[in-house]
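Report on the following structure.
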Amino acid sequence: MTVLNLSHTQTLTRSFNSVELAAAEKARRERHRALIVPREHGAWGLLLVPMITGAGVAFHQASHIFPLILLSAAALSLFWLRTPLESLIGTSAMRAQTTEEAHTVRSFIVLLAAVAAVALGILLWAGRNADLWPLGIAVGVCFAAQALLKKLGRRARMLSQLVGTIGLTAAAPAAYYVITGEFNTTAWMLWLANLLFAGDQIHYVQLRLHTAKVEGFRNKLAVGWVFAAGQALMTATLTVVCMARLMPPLASIAFAPLLFRGWFYFVAEPAPLVVRRLGWSELKHATAFCVLFIAMFTLAR
């Protein structure tokens, strides 16, 4: 009987140890992932939406897809590179603490830097795509300013996001330029259009997060008047841009779902805020913007 009890105890101990080891391994993998994969999921959209809209408009003038592939590889690698780099030097919440973690992070840094270097080297070889140089410098200045603003703490959080967005939305004119070979009025218009969309989206998400328990039109307007002013300013800007024929009036339809969503917030019935649902909703708005902007722009031309 004693032998049976001892055997049963050993079996339970082994099972418990196996469960502990599996949990520890899962935690280790999740931590490694957090050290190397960007955690700002919305930022992926802020990079990809401009690139898609810029390419969608450009493909109606030219069909040079290889430069777009190179630009995409470089932009995505450089964007991804920031997370492991910050983990290694210790400027983010997640920091590489062990030798194994540091080795993993360094490996990804080398890999991503190599991909970006090769892609940019081919893009810029022999003086090609020369206008990417000043655009790249402007993007670098934006990200440097964003890093400085982050040091000011929470009070400058949204401002730092908006400044970083200027850099991310530069993917739109860059994509248009490498496909068509022209950095013209359309390229600038694409940058402005994507900046307006992204800026409004960031402001709306922050408003929802900070006013989840606010009810009533007057109360919502009292705390969200800056957002309301931003919606009005975006409408005025789009009107001026369309009247100046810098953007086809039809293309402004792409902003309609965004504007409706923003104004509807002030009169909507109170409902619990589900962050995941809000994220999916904004993804749908980003998809709608891409499809509508490209389609309306094409119809107008």
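The values are calculated or read from the model by the stated rules, or taken from the named source; none is laboratory data. Fair warning: this is a prediction, and the values are worked out from it, not measured in the lab. Here the Cβ is made from the backbone with ideal geometry for all residues, glycine too, and neighbour counts use every protein chain on show. Protein only, heavy atoms only, side chains kept; ligands, DNA and RNA dropped before computing areas. Shrake-Rupley method; radii C 1.70, N 1.55, O 1.52, S 1.80 Å.
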Residue list for the stretch 56-66, filter: open to solvent by less than 10 Å² (accessible area, probe 1.4 Å) and small (Gly, Ala, Ser): Ala58
Residue in the stretch 243-257 that is within 20 Å of the chain's Cα centre (by Cα), without any contact (Cβ under 8 Å) to a residue 40 or more places away in the chain and surrounded by fewer than 19 Cβ atoms within 10 Å (Cβ to Cβ) present: yes
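Would you check which residues across the stretch 178-195 are assigned to a helix (DSSP H, G or I) and in contact with a Phe, Trp or Tyr (Cβ under 6 Å, 6 or more places away or on another chain) and list them? Don't jump to the end; show me each part of the working.
The initial filter retains those residues of the stretch 178-195 that are assigned to a helix (DSSP H, G or I), namely 178-180, 185-195.
Selection gives Ala187, Leu190.
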Any hit, the stretch 47-55, residues being open to solvent by 30 Å² or more (accessible area, probe 1.4 Å) and either outside any loop (DSSP other than H, G, I, E, B) or β-branched (Val, Ile, Thr) (or both): yes
Inter-residue pairs, beta-carbon under 9 Å, first within 22 Å of Ala286 (Cα to Cα) and free of Cβ contacts under 8 Å to residues at least 60 places away in the same chain and in the stretch 205-219, second open to solvent by less than 50 Å² (accessible area, probe 1.4 Å) and among the aromatic types (Phe, Trp, Tyr), 6+ apart: Gln206/Phe227; Leu207/Phe227; Leu207/Tyr265
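I need a count of the residues in the stretch 85-114 that are within 28 Å of Trp125 (Cα to Cα) and touching a residue at least 24 places away in the same chain (Cβ under 8 Å).
5
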Set Ile89, Ile69: member being modelled with pLDDT under 85 and open to solvent by 70 Å² or more (accessible area, probe 1.4 Å): Ile89
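Go through Ala175, Ala198, Ala222 for me and flag whichever is in a helix (DSSP H, G or I), at pLDDT below 95 and under 30 Å from Gly121 (Cβ atoms). Can you show your working first?
Details: Ala175 fails: at pLDDT below 95; Ala222 fails: under 30 Å from Gly121 (Cβ atoms).
So the residue among Ala175, Ala198, Ala222 that is in a helix (DSSP H, G or I), at pLDDT below 95 and under 30 Å from Gly121 (Cβ atoms) is Ala198.
Within the stretch 61-83, track down each residue that is part of a helix (DSSP H, G or I) and polar (S, T, N, Q). So that I can check it myself, show each step before the final result.
Step one: list which residues in the stretch 61-83 are part of a helix (DSSP H, G or I), which gives 65-83.
Ser72, Ser77, Thr83, listed by residue number.
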Ala119 being within 19 Å of Ala171 (Cα to Cα) and at pLDDT 90 or above: yes
